[in-house]
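What follows is a set of notes on a single structure, which appears directly below.
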Amino acid sequence: MASSITGGCLCGAVRYEFSGEPVFSLLCHCRDCQRQSGSAYAAAVRVPAASFRVTSGEPKRYIKSGDSGNQVTRAFCPECGCMLFLQVSARPDLVGIRVGTLDDPSWFRPEADIFVKSAQPWDHMNPDIPKYDTYPPGKAYEPSA
Ligand SMILES: [Zn+2]
Ligand SMILES: [Zn+2]
């Protein structure tokens, strides 16, 4: 993907862009994503951190330990509260962007439903997308070799 992909928060104070190819497109049903998003799951794309930058505003960061023991840093707009992206301590080379914050989220094609062990009974998932109790093989946040 040569051209930049842009996005931002609800009020427009925080804007970002990236140019790298997404490395994983997912729908996460973990409780933290449910609570944080206020919904059944979070749609996210992981992109190389090297290709990602905040172009305006300064997101506030909230750090919480995940299931894996990793520190998960969630970045959100201090003005409107919109969750924008996250980073996990084991993989500082990746940024997980919330798809709904993209200026054009329509190209997103989820590869997997993850953490379906905590999926909600009222959430009807697409049967054509593979489901994983936690992470698919090779997609957990572990230090890259
Ligand atoms: Zn905002
Ligand atoms: Zn999650």
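Each value in this text was obtained by applying a stated rule to the coordinates, not by laboratory testing. This is a predicted model, so every value here is computed, not measured. Here Cβ is always computed from backbone atoms with ideal geometry, including for glycine, and neighbour counts include all displayed protein chains.
Val99 satisfies every condition listed in (1) over 13 Å from the mean Cα position of the chain (by Cα); (2) within 14 Å of ligand 2 (Cβ to nearest atom); (3) surrounded by 13 or more Cβ atoms within 10 Å (Cβ to Cβ) except (1).
Would you check if Arg91 is assigned to a loop (DSSP other than H, G, I, E, B), touching a Phe, Trp or Tyr at 6+ places or on another chain (Cβ under 6 Å) and either without any contact (Cβ under 8 Å) to a residue 12 or more places away in the chain or surrounded by 16 or more Cβ atoms within 10 Å (Cβ to Cβ) (or both)? Considered against the rule, which asks whether it is assigned to a loop (DSSP other than H, G, I, E, B), touching a Phe, Trp or Tyr at 6+ places or on another chain (Cβ under 6 Å) and either without any contact (Cβ under 8 Å) to a residue 12 or more places away in the chain or surrounded by 16 or more Cβ atoms within 10 Å (Cβ to Cβ) (or both), Arg91 comes out as yes. Just one of the listed residues (Arg61, Arg31, Arg15, Arg35) is of a type outside the set (Gly, Ala, Ser), more than 15 Å from ligand 2 (Cβ to nearest atom) and out of contact with any Gly (no Cβ under 9 Å at 6 or more places or on another chain), namely Arg61. If you filter segment 6-53 down to residues that are touching a residue at least 60 places away in the same chain (Cβ under 8 Å), in contact with a Leu (Cβ under 8 Å, 6 or more places away or on another chain) and surrounded by fewer than 21 Cβ atoms within 10 Å (Cβ to Cβ), you find that the one that is farthest from Ile114 (Cα to Cα) is Thr6.
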